[in-house]
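These notes are about the structure you will find just below.
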Amino acid sequence: MGHMIAVAGKGGVGKTTLCGLLIQYLCESGKAPVLAVDADANSNLNEVLGVETGITLGELREEIERAGTDDRYQIPLGMTKQAYLEMRLSDALTEEDDYDLMVMGRTQGQGCYCFVNGLVQTQIQRLQSQYPYIVVDNEAGMEHISRGILPAMEVAILVSDGSRRGVQAAGRIAQLMKELNFKPKKTGLIINRAPEGKLDEGTLEEIRRQELELLGVVPHDDAIYRFDCAGKPIVQLPGDSPVRAALKEIVEKLGL
C-alpha cells in the first residue's frame, strides 16, 4: 500500500503550493511514481505543477448524469452508466513521467458533491497499491476529513500561515481526526509564509495551546508571488529557493 500524505488547512495558507513542491521533491528523491490527488472542487494543483489536465472526476460525473438528455453526452448502446463510468475513469488520470495527477473538479450548477467525493475515495483505494506515495491536496476546511474520505492517511500535514486563526483552524482539523478515530502515524503543523522564517510569541503560544507538533516553518518568498502573477509553475522555483530548503528539511524530519 502506498504511503498516503494528506495536506489540509485553512483556505489561502499555501497548501497547494507546498503540495506541488512536496510532489516534486518526492519524485526527485527516487520515490516515483507518485499519485497526486487534487481533492479540491476549486482545483489548481495542476497550475502549480505546470501540467494540463484531462477530464476531472466532476466533469465525468456531469457527462454521465446528462447522458440521454443532452446529445453531447452519449453512453454506448448496451452499456450501463456504471460500466461506462468504470471504463472512463482512466481518462481522469493525467500521466506524467514521475507522477500521475487525479483532479476532483466540481459539478456544474447546484447540487451536492457527495458523488464526486465518493469517486475520489474509491479511486484512491483502487490505485493505492500502484504508487509508493500518494499526496492529497485537500479542500480548504474539514469537508474531506469529516466525510471520512481519507481514513488511511499515514501522514497528516496541517498547514497554516502565522495567524492565530490559521493555527486554530489546523487545531480543529487535528481534533476532528481524533474524534473520527483516524490514526495517522504522524500529524504535524507547517507554518507557511512566515516573515523572515520567524514566528512571534503569540503564534507559538497558540500552537502550544492547540497541542500541535510544529514540523517546521517555511519563510515568505516574494518569488512565489511573482511566479503566480506571471502564470509560471511554482515547481520552477530555483534550486536555492528558501522555500525549497525549508520544505526539504521538513520532509527529512518526517522520514519520507
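The values are calculated or read from the model by the stated rules, or taken from the named source; none is laboratory data. Keep in mind that this is a model prediction, so the values were computed, not measured. Neighbour counts run over all protein chains shown; Cβ positions are idealised from the backbone, glycine included. Accessible surface is based on the protein model in full, side chains and every heavy atom, while ligands, DNA and RNA are left aside. Shrake-Rupley method; radii C 1.70, N 1.55, O 1.52, S 1.80 Å.
Descriptive notes on the structure:
- Among the residues of region 1-46, those identified as more than 16 Å from Ser160 (Cα to Cα), open to solvent by 10 Å² or more (accessible area, probe 1.4 Å), out of contact with any Phe, Trp or Tyr (no Cβ under 9 Å at 6 or more places or on another chain) and not in a helix (DSSP H, G or I) are Met1, Ser29, Gly30, Asp40, Asn42, Ser43, Asn44.
- Subset of region 203-243 (residues that are crowded, with 18+ Cβ neighbours inside 10 Å, assigned to a helix (DSSP H, G or I) and in contact (Cβ under 8 Å) with a residue 24 or more places away in the chain): Thr203, Glu206, Ile207, Ile224, Ile234, Val235, Val243
- Region 45-56 residues that are under 13 Å from Asp91 (Cα atoms), paired with ones that are assigned to a loop (DSSP other than H, G, I, E, B) and open to solvent by 20 Å² or more (accessible area, probe 1.4 Å) (beta carbon under 7 Å, 6 or more apart): Thr56/Ser43
- Long-range neighbours under 6 Å by Cβ, at least six apart or interchain, first residue over 17 Å from Gln121 (Cβ atoms) within region 1-12, second open to solvent by 10 Å² or more (accessible area, probe 1.4 Å) and of a type in the set (Asp, Glu): His3/Glu154
- Pair list, Cβ < 6 Å and 6+ apart or interchain, from region 28-40 residues that are in contact (Cβ under 8 Å) with a residue 12 or more places away in the chain to residues that are open to solvent by 50 Å² or more (accessible area, probe 1.4 Å) and of a type in the set (Gly, Ala, Ser): none
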